Structures are given as structure tokens and as C-alpha cells.
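Peer 1: Sharing a structure, written as C-alpha cells. Questions coming.
What follows draws every value from the coordinates through simple rules; no lab data is involved. Owing to the predicted nature of the structure, the values given are computational and were not obtained by experimental measurement. Glycine gets a Cβ as well: all are built from the backbone with ideal geometry, and neighbour counts include every protein chain shown.
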Ligand SMILES: [Zn+2]
């Protein structure tokens with residue numbers, strides 16, 4: 001009998017070692033939204049916690065909870081306070097970090113709103129937010145406790161009407177995309193619903209999304225603006241809109257973004273989504289997409305469909321720009337550091353990129369990309385991440401999108 005107990009104990013030990021935490025061990029079907037201010041300048045970064053919210057349902061992934069597919073420029077992790085074990089993590093990039101590379105950041109310190117969603121923890125947890133620089137070095141880190149029974153966590157539900165415009169349900173097995181509009185006044189809302197449908201169609205008609213269309217859900221959320229159109233500062237045209245989007249971000253005329261993340265997440269509270277696209281109600285060319293952050297596109301320009309796919313490539317799959325300028329424009333991708341973006345390389349660690357696809361004869365290695373004509377290589381002569389005229393994504397970008405889709409939808 002004693003021997004039997006020993007065998008039983010050994011069997012239990014083995015099973016506990018082999019036991020991997022599932023979603024339901026640590027989380028329930030709700031969302032913890034965490035708001036921060038990231039602030040700093042060209043050389044310094046800091047993180048301040050602002051506020052926590054509870055919203056209904058969890059539309060994010062339920063598998064691969066403790067692993068990252070891409071490093072990004074930062075990450076948010078939910079940790080077991082006793083063991084330090086990572087229960088959930090998510091990587092991202094930010095407008096703040098792009099701004100840190102501008103001339104303005106050399107002489108002023110600014111703060112930017114950043115909001116994140118993590119699954120609702122069953123017990124007290126620690127949350128750690130980390131920002132890294134272009135050398136992959138940690139620039140700022142903040143760890144703070146979150147108690148799910150904290151009475152100051154505010155419950156929140158959107159006041160905007162929203163519709164499932166494609167797919168629906170099975171949020172764990174699908175990528176849930178939310179489409180919002182900025183600069184759509186009440187009188188423009190019919191146009192918004194149409195533009196949102198066109199956006200979903202544009203993405204799903206483009207490979208490799210077309211072959212994986214059953215893996216995507218789309219919702220449209222109608223947040224009315226006071227004015228029609230979005231702000232164009234270089235034309236002294238300012239509009240009062242739901243999310244304050246504007247051109248001339250960092251004084252680049254076609255760079256259309258918004259830093260009003262809290263207003264965006266308020267509009268999305270309780271809406272099943274894990275990635276968003278914001279349509280600017282304008283026919284002026286422009287857009288912007290940041291990995292696991294905001295995608296903004298001009299809904300009225302003739303290039304709307306391809307620009308949407310390009311910007312979604314940044315936001316969804318962390319793809320880098322494959323275009324460059326004649327002069328070495330930027331220090332975004334320093335020599336001797338392998339960028340984390342899957343489709344550009346400094347050849348510092350090419351084996352971790354698409355060397356296998358070169359050996360198979362599927363992809364190539366072309367110098368110029370990531371805003372630099374020398375010292376950075378891309379996989380193809382042309383790609384959706386290089387020009388609007390190109391037919392589609394190169395094989396490396398295609399593989400990156402498929403991998404991200406599988407990572408997010410595996411249970
Ligand atoms: Zn590509």
C-alpha cells in the first residue's frame with residue numbers, strides 16, 4: 001500500500017510538471033483595460049499608470065498566452081505575484097516611441113496616452129509594462145498590482161451603436177477587427193456603415209487574408225463627430241471629431257494619426273475586438289499604422305483599399321516599411337541590430353528571418369528598406385509594404401501574416 005502511494009505521488013508530480021495553465025485557470029471571460037501615460041524625450045522614457053476599467057467579454061486570444069510571436073517596441077505582461085510566472089503577454093509599438101526619434105523630442109518632454117486590454121484575472125496579479133529602444137534595450141519599466149476586487153476599477157460600456165458586419169462569435173478562434181470612423185457627423189453615419197463594409201471587403205479580397213477569411217470577424221462602431229472631415233493643420237483646417245485625428249503628425253503632411261487613445265477605447269468598451277482600424281472621413285491621401293496600436297486611413301482617397309491593407313500590415317503583423325529614401329534618413333534600425341519586424345533585416349541574424357525562403361528560391365534579398373537605402377535588406381523587389389502599385393504582399397510578408405493569424409486563433 002505504501003509503495004502504491006509512492007507511485008501515485010510520483011504520477012501526480014509528473015502530471016503537475018506537465019500541466020500547462022489554460023485560459024480558465026487564470027482568467028475569466030471579461031476584459032481588464034489599463035490606461036497609461038508614456039512620457040519622455042529623445043533620451044528618457046517613463047511610464048505612469050492612470051486608470052483601470054472592466055468591460056464585458058474577452059475577444060483576444062486564449063492560446064499562446066505566455067508567449068510572444070514578435071518582440072515589438074514594448075510589452076505588457078500579467079504576472080503571478082508569487083511565482084513571477086507570465087500568465088499573459090502582449091507586444092506593441094507606440095506613437096510615443098516614433099516621436100522620440102523626431103527633432104522635436106531633442107528639446108521637449110511630452111506625454112502620450114496608451115491603453116491596453118488584458119483578460120480579466122481571477123486573482124490578484126502584477127502587471128508589468130516595458131518599453132524598449134531600437135537596440136532592444138529596456139528604456140522604462142513599471143510593475144504595479146491589480147486586484148480584480150478593487151472597487152475603484154470602473155465598469156464601462158460603449159454608448160456608440162455597433163454592428164457585426166462580417167462573421168461573428170467564436171472570438172477565441174477568430175481575429176476580431178473593429179472599424180471606427182472619425183470625422184463622420186450624424187448626417188454621415190450611413191456613409192460610415194458603407195465605408196466600414198468596404199474596409200472589411202478590401203482586406204478580405206487581398207491575399208493571404210482572402211484564403212483565411214473564415215478566421216476574421218469584423219464589427220463597425222459608429223462614434224459620431226461634431227464636424228465632418230478630419231483636421232489638416234498645414235491648411236489651418238481644424239475639426240471637432242470623436243478621436244481628434246489629424247494630418248501633419250510630427251510635421252509630416254500625409255501622416256494621419258490620433259493620440260486620443262482613451263476616447264477610442266471608451267468607444268470600444270465592451271465591443272468584441274482585438275485590433276482596430278479607424279477610417280478618417282476625408283479624401284486627402286494619408287494614413288498610419290502602428291503594431292498592436294492604431295491604424296488610421298483616409299476613407300475617401302482612390303488608394304483607400306491598398307493603403308488600408310498596407311497600414312493593417314503594420315498594425316496586425318508588425319510588418320516594417322520596405323521603402324526607403326535616397327539618403328540614409330533614419331536611425332530607426334541601427335547597424336548591427338536585427339530589427340524585430342519580420343520583413344526587413346540588417347543581416348545581423350538573417351537565419352532568424354527568411355534565409356530559409358531564400359534557400360528554397362521563394363524570396364530574395366534586396367538592399368534598401370526601412371527608410372534606408374544601404375544596410376537594410378527586404379525580401380522582394382516590390383511588395384504591398386513598399387508601393388501602392390504592387391499587386392500584393394511578398395512571400396515573407398505573406399508568411400508573417402499567416403503566422404500571426406494562426407498565433408492569435410490557436411486555442
Ligand atoms: Zn514584403
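Peer 1: For the pair residue 331/residue 355, report the inter-label distance in nm, with labels modelled 7 Å from Cα in the Cβ direction.
Peer 2: 2.9
Peer 1: Taking the mean number of other Cβ atoms within 10 Å as a proxy for protection, how do you rank 130-143, 99-112 from highest to lowest? Present the calculation step by step, with values, prior to reporting the outcome.
Peer 2: Values: 130-143: 15.9, 99-112: 14.2.
Listed from highest to lowest mean packing, they are 130-143, 99-112.
Peer 1: Sort 274, 367 by Cβ crowding within 10 Å, fewest neighbours at the top. Don't jump to the answer; show the numbers that get you there.
Peer 2: On the way: 274 21, 367 13.
Going from least to most buried by this count: 367, 274.
Peer 1: Here's a follow-up. How much length is gained on full extension from residue 212 to residue 374, taking 0.36 nm per residue of separation minus their Cα-Cα distance? Before the final figure, lay out the partial values.
Peer 2: Working: separation 162, 0.36 × 162 = 58.32 nm, distance 3.54 nm.
Gain on extension, residue 212 to residue 374, equals 54.8 nm.
Peer 1: Further, regarding this structure: Give me the distance in nm between label points sitting 7 Å out from Cα along the Cα-to-Cβ direction at residue 283 and residue 122, one decimal.
Peer 2: According to this spin-label approximation, the distance is 5.6 nm.
Peer 1: Using a basic spin-label model with each label point 7 Å from the Cα along Cα→Cβ, how many nm lie between residue 235 and residue 347?
Peer 2: 4.5
Peer 1: For the chain, I need the span (max minus min coordinate) of the C-alpha atoms along each principal axis, in Å, sorted largest to smallest.
Peer 2: The Cα atoms of the chain stretch 84, 53, 47 Å along their principal axes.
Peer 1: Expected output is a single nm value to one decimal: the length gained when fully extending between residue 43 and residue 109, i.e. 0.36 nm times separation in residues minus the C-alpha distance. What is it? Mind showing how you got there, number by number?
Peer 2: Working: separation 66, 0.36 × 66 = 23.76 nm, distance 0.98 nm.
Full extension from residue 43 to residue 109 adds 22.8 nm.
Peer 1: Give the order of 98, 201 when sorted by the count of other beta carbons within 10 angstrom, beginning with the fewest.
Peer 2: Details: 98 19, 201 14.
So the residues, fewest neighbours to most, are 201, 98.
Peer 1: Using packing as a proxy for protection, rank 79-86, 276-283, 243-250 so that the peptide with the highest average count of other Cβ atoms within 10 Å comes first. Each step should come with its number before you reach the end.
Peer 2: Values: 79-86: 13.1, 276-283: 25.0, 243-250: 22.4.
Result, highest mean first: 276-283, 243-250, 79-86.
Peer 1: If you don't mind, another one. Take the Cα radius of gyration of the range 162-318 and divide it by 2.2 N^0.38 Å, with N its residue count; two decimals is plenty. Could the numbers behind the result be given before it?
Peer 2: Values: Rg = 14.4 Å, N = 157, 2.2 N^0.38 = 15.0 Å.
Output field value: 0.96.
Peer 1: Compute the length gained on full extension between residue 50 and residue 382: take 0.36 nm times their separation in residues and subtract their Cα-Cα distance, giving the result in nm to one decimal.
Peer 2: On the way: separation 332, 0.36 × 332 = 119.52 nm, distance 4.30 nm.
Taking 0.36 nm per residue and subtracting the Cα distance, the gain is 115.2 nm.
Peer 1: Determine, from the Cβ-Cβ distance of residue 151 and residue 411 and an R0 of 30 Å, the FRET efficiency 1/(1 + (r/R0)^6), rounded to the nearest 0.05. Write down the numbers at each step before the final one.
Peer 2: Values: r = 33 Å, r/R0 = 1.11.
For residue 151 and residue 411, the calculated efficiency is 0.35.
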